[in-house]
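Peer 1: Would you mind keeping the following structure in view while I ask a few things?
The values are calculated or read from the model by the stated rules, or taken from the named source; none is laboratory data. No experiment lies behind these values; they were computed from the predicted model shown. Neighbour counts are summed over all protein chains in view; Cβ atoms, including those assigned to glycine, are modelled from backbone coordinates with ideal geometry. Just the protein is used for accessible areas: all its heavy atoms, side chains included, with ligands, DNA and RNA removed. Shrake-Rupley method; radii C 1.70, N 1.55, O 1.52, S 1.80 Å.
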Amino acid sequence: MMGSTLPLLTPLEVRVLGVLAEKQLTTPDYYPLSLNALVAGCNQKSSRDPVMNVSEDEVQGVLDTLKDRKLVTNSWGASRRVVRYSHNLPQVLGTDSGTTALLVTLMLRGPQTAGEMRTACERLHSFADLSSVDAYLAEMVSRPNGPLVVKLAKHPGSREHRWAHLLGGPVDVAAANAPSRPESANGGVSSLQAEVTALREEVAELRRLIGELATRQ
């Protein structure tokens, strides 16, 4: 469980943890993630706000810091040649699956309305209805160790409030209320990049294992 205050995170730390949590739920067969797959997930063009372009060295540095804070752990793949990384977000924050899903959606996509979060969470957690999302958000605001989210002012002409996470500290309201960046026309292709990278690495590991087995015969 976390202490009396939230572990303040940098934008890249938020992105790395968000990607690890997302891929654990959406592509569990390829989780924990290798460094290459994690970098690809951080640099996706779709379902990400803001869009980033980070290097392996930058992500590795963040992983080392998050390991020191007990937010990330590492293990070895089947071949014992590829280091893989997993997150401890629910254990550190004391969150259940629904709360984690909403938090991860905000971490990866930026401020969202309750309706947008419910749609974005379809592959992460199934919410029965919008009132269920509202109940989770109310709990996330009133947590004894400090709120995980904050309700933002409505956009002009909008009927719903948006929400933002507080893992990076107080929210810059002016920046959060700026118009959202439209997604690229090629976003559907870009969103598959991380999964393709993970698949390629799994195939490479299987080939190495087969080669090792063949030499033993």
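Peer 1: Based on the Cβ-Cβ distance of S131 and K70, what FRET efficiency does E = 1/(1 + (r/R0)^6) give at R0 = 41 Å, to the nearest 0.05?
Peer 2: 0.75
Peer 1: Next question. Can you order the peptides 135-144, 162-171, 11-20 by their average number of other Cβ atoms within 10 Å per residue, highest first?
Peer 2: The peptides rank, most packed first, as 11-20, 162-171, 135-144.
Peer 1: With a point put 7 Å past each Cα toward its Cβ, work out how far N88 is from K151 in nm, to one decimal.
Peer 2: For N88 paired with K151, the spin-label model returns 3.5 nm.
Peer 1: Under 5 Å between amide H atoms, partner at least 5 residues away or on a different chain: which partners does D49 have, H built in plane at 1.01 Å?
Peer 2: R109, G110
Peer 1: Still on this structure, please answer the following. In this model, which of K67/K154; K67/K151; K23/K70 are farther than 26 Å apart at the alpha-carbon?
Peer 2: K67/K154; K67/K151
Peer 1: Could you give the length gained by full extension between S97 and Q60, i.e. 0.36 nm per residue of separation minus their alpha carbon distance, to one decimal place?
Peer 2: Using 0.36 nm per residue and subtracting the Cα-Cα distance, I get 10.6 nm.
Peer 1: Ok, one more. Quick check for you: with a 1.4 Å probe and neighbouring chains kept, what is the accessible area per residue of the stretch 1-105, in Å²?
Peer 2: Here the per-residue accessible area is 42 Å².
Peer 1: Run the accessible area of the stretch 49-99 with a 1.4 Å probe and give the carbon-and-sulfur part as a rounded percent.
Peer 2: Within the stretch 49-99, the accessible surface is 46 percent carbon and sulfur.
Peer 1: Using 0.36 nm per residue of separation minus the Cα-Cα distance, give me the extension gain between R123 and R80 in nm, one decimal.
Peer 2: Full-extension gain reported as 12.5 nm.
Peer 1: Would you rank K70, K151 by solvent-accessible area, highest first, keeping every protein chain in place and using a 1.4 Å probe?
Peer 2: Largest accessible area first, the list is K70, K151.
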